[in-house]
Amino acid sequence: MGIVILGIESSCDDTSAAIVKDGFLLSNVIANQQVHQSYGGVVPELASRVHQQNIVPVVDTAIKQAGVALKDISAVAFTRGPGLLGSLLVGTSFAKGFSIGLNIPLIDVNHLQGHVLAHFIKEKGKELDQPSFPFLSLLVSGGHTQLIVVKSYLEMEIIGQSIDDAAGEAFDKCAKVMGLPYPGGPIIDKFAQQGNPYAFKFGLPQVSDLDFSFSGLKTSFLYFLRDKIKEDSDFITKNLPDLCASLQNSIVQILLDKLVKAAKLTGLAQIALAGGVAANSALRNAVMQAANEYKWQVFLPQLSYTTDNAAMIAITGYYKYLAGHFATHNISPISRIKEI
Ligand code: KG4
Ligand code: ZN
């Protein structure tokens, strides 16, 4: 019959369920939450309520689309954290009930590990260019900015991370300041295509070692706009492409600087991007240029697996199943996880 894993993701504002069979993806269903758009960010209480409404139909659709029977499911894997506690609780409780109901093992998955292992989601009939171990991963999302040495499927080490805001958060918060809707990253990326990345300069952080900081950039951007708007109230509208391109260029500079440092320090030349911000076109271009210069082999995840999805949770669950790493039913979600 093979090993069939149901994966469940509910760490932030996407409810997702996926089925992986013997490492191949059979279905990946995602319900996005539009309710947060007008608030300029995810509202935790609203997110958990919508997860409750979505979880049953999303899981049901994923199982039907995969064409598997309930009796064929070997285990259920769920995101334990990090994330919003109320959101995580919905997926965790559902997974526990599902595991007890079908009498199948329960597998807890670290959301960050899931993002990193998105590179290993295989699909029938599609060639997959996978990194080999060890490799260096730059995980950039709305909640995280991390440099991770990936030693095997389940052995990873964080060697650098943001001491304040995440890269995606910097995109989202600066977008909000410019009056753009949430999530701001893709919109800034779009406007930036028509702008000059060197039009404006913002203060770049001085953080030691391989750590990152983005809160200073956000403040510098905010003060810059405040001063410019005093002189011309239409400053943002008149300069939107240049503002987006310059801000994006600063964020990419910060990321690339530490990525180059990490590659030199570890001696790793296989670089794998992960997380929602890995979809950013300027970041992708900058990493490809650096690859030429430093002789890196770069792995860019398929766009549909960069943002939050359950396929990455199911594939991580699959490798944990093979390793015999199961959870007990008294496990609870955790909003912050220091280790990976
Ligand atoms: O990985 P993800 O879906 O969720 C978290 O785990 O946080 O990442 C979402 C983040 C948001 O901050 C969003 O603005 C950002 O990824 N993002 C982008 C782009 N697409 C998504 N940021 C910059 N450029 C993009 N094209
Ligand atoms: Zn994520």
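Quick look at the numbers
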read-out	value
Nonlocal amide H pairs with Ile107, under 5 Å, H built at 1.01 Å	Val76, Ala77, Phe78, Ala327
For the chain, built as a Gaussian network whose Cα springs stay under 10 Å, the top-fluctuating residue of Glu45, Glu293, Glu169	Glu293
Whole-angstrom gap from segment 1-52 to segment 168-190, using each part's C-alpha centre	22
Chain lengthening between Gln193 and Ile163 when straightened (0.36 nm per residue, less Cα-Cα)	7.9 nm
Eligible lysines near Lys230 by straight Cα distance, threshold 23 Å, same-chain separation 8 or greater	Lys173, Lys176, Lys201, Lys218, Lys238
5 angstrom amide H check on Gln297, placed H, neighbours 5+ away	Gln270, Ile271
At q = 0.13 Å⁻¹, base-10 log of I(q)/I(0) for the chain (Debye sum, equal scatterers on each alpha carbon)	-0.97
Alpha-carbon Rg/Rh ratio, for segment 1-145, with Rh computed the Kirkwood way	0.97
Debye intensity ratio I(q)/I(0), log10, segment 279-327, q values 0.21 Å⁻¹ (C-alpha model)	-0.78
Taking segment 135-301 and dividing mean pair separation by its residue count, relative contact order in percent (alpha carbons under 8 Å, at least six apart)	27
Phi to ³J(HN,Hα) by Karplus 6.51 cos²θ - 1.76 cosθ + 1.60 over segment 179-193, Hz, x for Gly, Pro	x, 8, x, 8, x, x, x, x, 6, 4, 4, 5, 5, 4, 4
Amide H contacts of Leu25 (H built 1.01 Å from N, under 5 Å, at least 5 apart or other chain)	Lys122, Glu123, Lys124
For segment 124-138, 3J(HN,Hα) per residue [Karplus equation, 6.51 cos²θ - 1.76 cosθ + 1.60, θ = phi - 60°, Hz, x = Gly/Pro]	4, x, 10, 6, 10, 8, 9, x, 10, 7, x, 9, 10, 10, 9
Relative contact order for the chain, counting Cα pairs under 8 Å that sit 6 or more residues apart, in percent	25
HN-Hα J in Hz across segment 78-88 - Karplus 6.51, -1.76, 1.60, θ = phi - 60°, x for Gly and Pro	9, 6, 8, x, x, x, 7, 4, x, 5, 4
Gain on full stretching of the segment that runs from Arg49 to Met1 - 0.36 nm per residue minus C-alpha separation	13.6 nm
Calculated SAXS-style log₁₀ I(q)/I(0) at q = 0.10, 0.12 Å⁻¹ - segment 135-301, Debye, Cα scatterers	-0.36, -0.51
Length gained when the stretch Lys295-Ser132 is fully extended (0.36 nm per residue, less Cα-Cα span)	57.1 nm
Quotient of C-alpha Rg and 2.2 N^0.38 Å, computed over segment 203-255	1.28
Ranked by how many other beta carbons lie within 10 Å on average, peptides 314-327, 149-162, 200-213 from highest	314-327, 149-162, 200-213
Average projection area in nm² (convex hull over Cα atoms of segment 228-290, one quarter of hull surface)	5.5
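A short reminder: the numbers here are calculations on the coordinates, not readings from a lab. Predicted, not measured: the structure shown is a model, and the values here were computed from it. Virtual Cβ from ideal backbone geometry, glycine too; neighbours counted across all protein chains shown.
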